[in-house]
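See below for the structure under consideration.
The values are calculated or read from the model by the stated rules, or taken from the named source; none is laboratory data. Note that this is a predicted model, so its numbers are computed, not measured. Every residue, glycine as well, gets a Cβ built from its backbone with ideal geometry; the counts of neighbours run over all protein chains shown.
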Amino acid sequence: MFLGLLISLLLTCGAPGALGSSTADNLLVLTVATEETDGFRRFQRSAQCFNYKVKVLGQEEEWHGDGQKVRLLKTALEQYVDNEDLIILFTESYDAVFASGSAELLKKFKQAKSKVVFSAETLAYPERRLEPKYPTVIEGKRFLGSGGFIGYASHLHKLVADWDGADDTSDQLYYSKIFLDPVKREQINITLDHRCRIFQNLHGSEGDVVLKFENGRVRARNMAYDTLPVLINGNGPSRLFMNYMGNYIPRVWTFETGCVVCDEGLRSLQEFKTDDSFPLVVVGVFIEQPTPFVSEFFKRLSNLQYPKQRIQLYIANHEPHHQKHVERFLQAHRSEYSDVRYVGPEEAVNFGEARNAGMDVCRQNPQCEYYFSIDVQVVLKNASVLRTLIEQNKSIIAPMVSRIQDLWSNFWGALSSDGFYARSEDYIDIVQRQRIGIWNVPYISNVYLVKGSVLRKALSQYDLFHSGNLDPDMAFCDNVRRKGVFMVVTNREPFGHILSLENYKTSHLHNDLWQIFQNIEDWKEKFIHPNYTLARKGKLIESPCPDVYWFPLFTETACDDIVEEMENFGQWSGGGNKDERIQGGYENVPTIDIHMNQINYEKEWQKLLLDFAAPITEKMFPGYYTQAQFDLAFVVRYKPDEQPSLVPHHDASTFTINIALNSVGQDYEGGGCRFIRYNCSITAPRKGWALMHPGRLTHYHEGLPTTKGTRYIAVSFVDP
Ligand SMILES: *[C@@H]1O[C@H](CO)[C@@H](O)[C@H](O)[C@H]1NC(C)=O
Ligand SMILES: *[C@@H]1O[C@H](CO)[C@@H](O)[C@H](O)[C@H]1NC(C)=O
Ligand SMILES: *[C@@H]1O[C@H](CO)[C@@H](O)[C@H](O)[C@H]1NC(C)=O
Ligand SMILES: *[C@@H]1O[C@H](CO)[C@@H](O)[C@H](O)[C@H]1NC(C)=O
Ligand SMILES: *[C@@H]1O[C@H](CO)[C@@H](O)[C@H](O)[C@H]1NC(C)=O
């Protein structure tokens with residue numbers, strides 16, 4: 001027992017027979033598959049796990065309808081009819097998987113004491129009126145299902161002998177009528193698997209069936225009958241539930257092994273030795289609403305680790321506000337790409353139409369191997385993401401991205417009965433990466449890769465982004481599900497996140513500055529100095545004068561954007577003592593400045609001080625705690641011909657934060673700050689660095705004259 005468990009843990013299901021069954025010579029599995037769908041490949045893998053011998057019928061044919069299955073079975077049986085011992089399992093394969101091996105299957109078949117055993121259903125289909133004709137049962141499902149049956153070849157031969165129906169007629173009706181004929185039922189010796197010992201048709205039983213994890217493998221357990229079925233079939237609308245179970249059964253993901261399938265069937269990009277031999281990818285970029293950090297998006301796009309000469313870009317932008325971002329990117333990089341199509345806001349195609357057109361660029365080009373669709377609010381952190389997705393080799397694959405510290409993500413684990421969001425049992429574990437793997441899900445959005453070959457075959461219909469009243473993303477997924485193409489989400493890496501678009505206003509020049517509440521991580525990356533973390537650890541705080549501390553706080557971008565924002569606003573104070581903006585209306589030591597509240601930036605500025613300055617204050621002035629309250633925070637402009645300097649003064653603060661917003665020697669000459677008591681000057685302020693000093697009593701100070709150019713500083717009087 002112990003040894004057996006060890007062995008099953010060591011093997012993967014990729015190795016034939018990994019789940020233990022030896023090949024049964026007297027058992028053959030027959031199935032019909034006119035297409036090699038994703039579901040069919042899943043079925044085949046599950047069969048290989050248990051060493052089932054599978055023969056596929058109809059591969060050369062076009063699909064006409066369910067009757068075709070009976071015709072193909074009838075023909076196939078001709079060659080087996082004389083084989084007395086041969087047992088044949090006939091099953092669906094697009095939406096079915098094996099959960100156990102042939103030994104158990106044959107044992108259960110023998111226990112049924114009949115020559116033919118059909119799967120059972122909760123409803124009679126396609127003709128409900130036949131229900132009263134069915135024998136009653138004490139326990140279990142009463143009606144015949146044609147999705148799976150098992151029997152001796154000779155008896156199955158009798159079962160289909162009279163078939164002369166058309167391909168587009170119902171196989172289930174045909175079998176049902178035979179079963180409902182008492183004479184034939186006895187002659188062929190047919191029974192139904194009422195209690196799902198062998199066959200679990202999921203339709204109508206979703207509530208009864210749960211996953212059962214055991215010793216490195218996974219089964220489905222029917223709780224209504226306390227059985228462990230061998231073959232699981234997602235018939236009718238239960239197909240999505242099948243997809244969920246198929247993420248585990250029989251050995252796809254287990255607690256002991258984690259993801260077993262993740263490294264199966266990968267497509268390596270190693271074989272492409274030169275840049276121009278890489279697969280051609282069409283990248284569709286979509287801007288549908290005002291979105292923060294769009295320049296950063298385009299920076300990441302151009303840094304994508306993939307030869308640009310093998311990328312064709314399709315950019316659809318609905319937002320006039322982002323016109324400048326797109327144009328800046330195209331100006332710098334257009335010529336590096338194989339091709340660029342840009343649909344701007346003036347062309348005003350609707351969202352669904354834009355997505356159809358983008359996808360069609362790939363579909364129409366036989367050279368296009370992949371279509372990579374990405375919305376501009378997606379932040380992909382790893383530049384090799386496109387390669388990673390290609391290598392995973394799936395029809396459609398989305399890298400999982402979610403809002404930071406939120407369960408909101410770009411996939412749904414389940415679908416409600418009316419087609420909207422529903423939470424699967426494993427959703428939270430997948431979003432939080434407690435379970436890592438690749439997951440077949442009913443809905444993905446925002447970023448995904450689609451194989452060009454799939455677009456030209458199963459998804460060849462142009463208008464995938466429309467379906468009834470559904471929004472374009474839901475329409476797309478709805479259509480893809482209908483076509484039986486799997487949508488897979490991978491959380492094998494922390495790929496990145498999705499920006500929050502809430503409260504994004506475009507009324508300023510540099511609107512990202514206002515995103516400190518909504519998208520703090522992205523805000524930090526753009527605006528907080530990369531060495532700030534060192535300062536936070538106490539490793540990069542200088543003390544140029546007694547009790548004056550100096551540390552890196554802002555990036556160059558932050559400094560430039562704040563200055564531009566102020567200049568764009570333009571309402572600099574006159575520098576006189578009368579000042580309507582402050583309490584009392586009188587300023588002792590006036591500067592030429594603009595207050596943060598004039599540009600509606602005081603809440604954001606306070607958070608900045610609280611999150612980034614206060615921790616340094618508390619480190620350098622132990623025992624002092626601050627909520628970073630301020631009445632006055634402002635940007636000062638010093639110019640030789642306007643106001644070059646400031647007379648000695650105290651600040652109306654417990655401590656002052658003074659951030660240099662541009663560079664001495666480059667943007668201006670002179671400038672700096674002198675603390676009179678200590679005769680100590682800081683004459684070479686560093687752009688983006690913050691000076692912190694006590695406001696009163698000891699730190700009487702003056703602003704040294706700016707002799708050339710323009711100098712900007714951001715000053716905050718904290719805890720007045
Ligand atoms: C099938 O045959 C067995 C005996 O071989 C018999 O006990 C059973 O009742 C038969 N079942 C049907 C449905 O005729
Ligand atoms: C990629 O996937 C397709 C379809 O599943 C498969 O036919 C092909 O063999 C896979 N490629 C590799 C290199 O395994
Ligand atoms: C990016 O992805 C590649 C491939 O999965 C991985 O090897 C690498 O470590 C990742 N890089 C980062 C910074 O996460
Ligand atoms: C960060 O600090 C390191 C040394 O501590 C320095 O080499 C590097 O240039 C600094 N980075 C920036 C952006 O100033
Ligand atoms: C202040 O320092 C400067 C140069 O650092 C020096 O020239 C000057 O004499 C000092 N003044 C006083 C009053 O010590």
Exercise. Of all residues in region 480-492, how many are on the phi < 0 side of the Ramachandran plot, part of a loop (DSSP other than H, G, I, E, B) and touching a residue at least 60 places away in the same chain (Cβ under 8 Å)?
Worked result: 4
Problem set entry | Enumeration of residues in region 506-551 that are assigned to a loop (DSSP other than H, G, I, E, B), free of Cβ contacts under 8 Å to residues at least 12 places away in the same chain and of a type in the set (D, E, K, R) | Lys537, Lys539
Exercise. So, in region 588-602, of the ones that are in a loop (DSSP other than H, G, I, E, B) and under 20 Å from Gly570 (Cβ atoms), which residue ends up modelled with the lowest pLDDT?
Worked result: Pro590
For this session: Output yes when any residue across region 428-442 is under 22 Å from Arg310 (Cα atoms) and either more than 11 Å from the chain's Cα centre (by Cα) or buried (at least 23 other Cβ atoms within 10 Å of the Cβ) (or both), and no when none is.
Result: no
For this session: Starting from region 313-327, keep only residues that are over 26 Å from Asn365 (Cα atoms), then list their pairs with residues that are of a type in the set (A, V, I, L, M) and crowded, with 18+ Cβ neighbours inside 10 Å whose Cβ atoms are within a distance under 7 Å, requiring at least 6 positions of separation or different chains.
Result: Glu319/Ile287; His322/Ile287; His322/Val294; His325/Val294
Problem set entry | Criterion: aromatic (Phe, Trp, Tyr) and in a loop (DSSP other than H, G, I, E, B) - qualifying residue of Phe465, Phe476 | Phe465
For this session: Would you mind stating whether Ala458 is more than 30 Å from Asn303 (Cβ to Cβ) and touching a Gly at 6+ places or on another chain (Cβ under 8 Å)?
Result: yes
For this session: State whether the residues of region 68-87 include one that is within 35 Å of the chain's Cα centre (by Cα), under 27 Å from Lys177 (Cβ atoms), modelled with pLDDT of 95 or more and not hydrophobic (A, V, I, L, M, F, W, C).
Result: no
Exercise. Which numbered condition trips up Trp163, out of (1) in contact (Cβ under 8 Å) with a residue 24 or more places away in the chain; (2) part of a loop (DSSP other than H, G, I, E, B); (3) over 24 Å from Leu27 (Cβ atoms)?
Worked result: (3)
For this session: Confirm whether Phe486 is away from ligand 3 (no atom under 16 Å from the Cβ), within 30 Å of Glu618 (Cβ to Cβ) and of a type in the set (A, V, I, L, M, F, W, C).
Result: no
For this session: Would you point out the residue of region 674-693, among those that are within 16 Å of ligand 4 (Cβ to nearest atom) and touching a residue at least 40 places away in the same chain (Cβ under 8 Å), that is nearest to the chain's Cα centre (by Cα)?
Result: Gly688
Exercise. Is it true that Leu156 is more than 14 Å from ligand 1 (Cβ to nearest atom), hydrophobic (A, V, I, L, M, F, W, C) and closer than 19 Å to Gln68 by Cβ?
Worked result: yes
For this session: Determine which member of the set Leu459, Leu455 is assigned to a loop (DSSP other than H, G, I, E, B) and buried (at least 21 other Cβ atoms within 10 Å of the Cβ).
Result: Leu459
Exercise. Within region 694-701, is there a residue that is within 49 Å of the chain's Cα centre (by Cα), away from ligand 2 (no atom under 16 Å from the Cβ) and at pLDDT 90 or above?
Worked result: yes
Problem set entry | Hey, Arg334 among the charged types (D, E, K, R) and over 19 Å from Pro290 (Cα atoms) or not | yes
Exercise. Under the condition of being at pLDDT 95 or above and in contact with a His (Cβ under 6 Å, 6 or more places away or on another chain), which residue from region 112-138 is farthest from ligand 2 (Cβ to nearest atom)?
Worked result: Lys115
Exercise. Looking at this structure, is Tyr443 under 27 Å from Ser93 (Cα atoms), among the hydroxyl-bearing types (Ser, Thr, Tyr) and touching a residue at least 40 places away in the same chain (Cβ under 8 Å)?
Worked result: yes
For this session: From Glu206, Glu214, Glu186, grab the single residue that is modelled with pLDDT of 95 or more, charged (D, E, K, R) and at negative phi.
Result: Glu186
Exercise. Looking at (1) surrounded by fewer than 21 Cβ atoms within 10 Å (Cβ to Cβ); (2) more than 20 Å from Asp611 (Cβ to Cβ); (3) away from ligand 4 (no atom under 16 Å from the Cβ), which is the only condition Thr706 fails?
Worked result: (1)
Exercise. Where residues in region 245-275 are out of contact with any helix residue (DSSP H, G or I) (no Cβ under 6 Å at 6 or more places or on another chain) and within 22 Å of Ser373 (Cα to Cα), which of them is farthest from ligand 4 (Cβ to nearest atom)?
Worked result: Ser268
For this session: Given the conditions (1) within 34 Å of the chain's Cα centre (by Cα); (2) in contact (Cβ under 8 Å) with a residue 60 or more places away in the chain; (3) within 16 Å of ligand 4 (Cβ to nearest atom), report the number of the one that Tyr601 does not fulfil.
Result: (3)
Exercise. Restricting attention to region 656-682, which residues are part of a strand (DSSP E or B), away from ligand 5 (no atom under 16 Å from the Cβ) and more than 19 Å from Asp593 (Cβ to Cβ)?
Worked result: Val664, Glu669
Problem set entry | Residue in region 635-645 that is assigned to a loop (DSSP other than H, G, I, E, B) and free of Cβ contacts under 8 Å to residues at least 40 places away in the same chain present | yes
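Let's see how each residue does on (1) among the hydroxyl-bearing types (Ser, Thr, Tyr); (2) within 16 Å of ligand 2 (Cβ to nearest atom); (3) farther than 24 Å from Ala475 by Cα:
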site	(1), (2), (3)
Glu336	no, no, yes
Glu347	no, no, no
Arg355	no, no, no
Gly358	no, no, no
Tyr370	yes, yes, no
Val378	no, no, no
Ile396	no, yes, no
Met400	no, no, no
Asp406	no, no, yes
Problem set entry | Those residues of region 401-431 which are of a type outside the set (Lys, Arg), assigned to a loop (DSSP other than H, G, I, E, B) and within 21 Å of Phe241 (Cβ to Cβ), in sequence order | Gly413, Ser416, Ser417, Asp418, Gly419, Phe420, Ser424, Glu425, Asp426
For this session: State which residue is farthest from ligand 5 (Cβ to nearest atom) when the search covers only region 209-236 and only residues that are closer than 17 Å to Phe143 by Cα and surrounded by fewer than 20 Cβ atoms within 10 Å (Cβ to Cβ).
Result: Tyr225
Exercise. With respect to the numbered conditions (1) free of Cβ contacts under 8 Å to residues at least 40 places away in the same chain; (2) within 16 Å of ligand 3 (Cβ to nearest atom), which one is the sole condition not fulfilled by Cys477?
Worked result: (2)
Exercise. Taking interchain pairs and intrachain pairs at least six residues apart, which have beta carbon atoms under 7 angstrom, with the first residue in region 656-673 and without any contact (Cβ under 8 Å) to a residue 60 or more places away in the chain and the second crowded, with 20+ Cβ neighbours inside 10 Å and of a type in the set (Gly, Ala, Ser)?
Worked result: Asn658/Ala690; Val664/Gly671; Cys673/Gly703
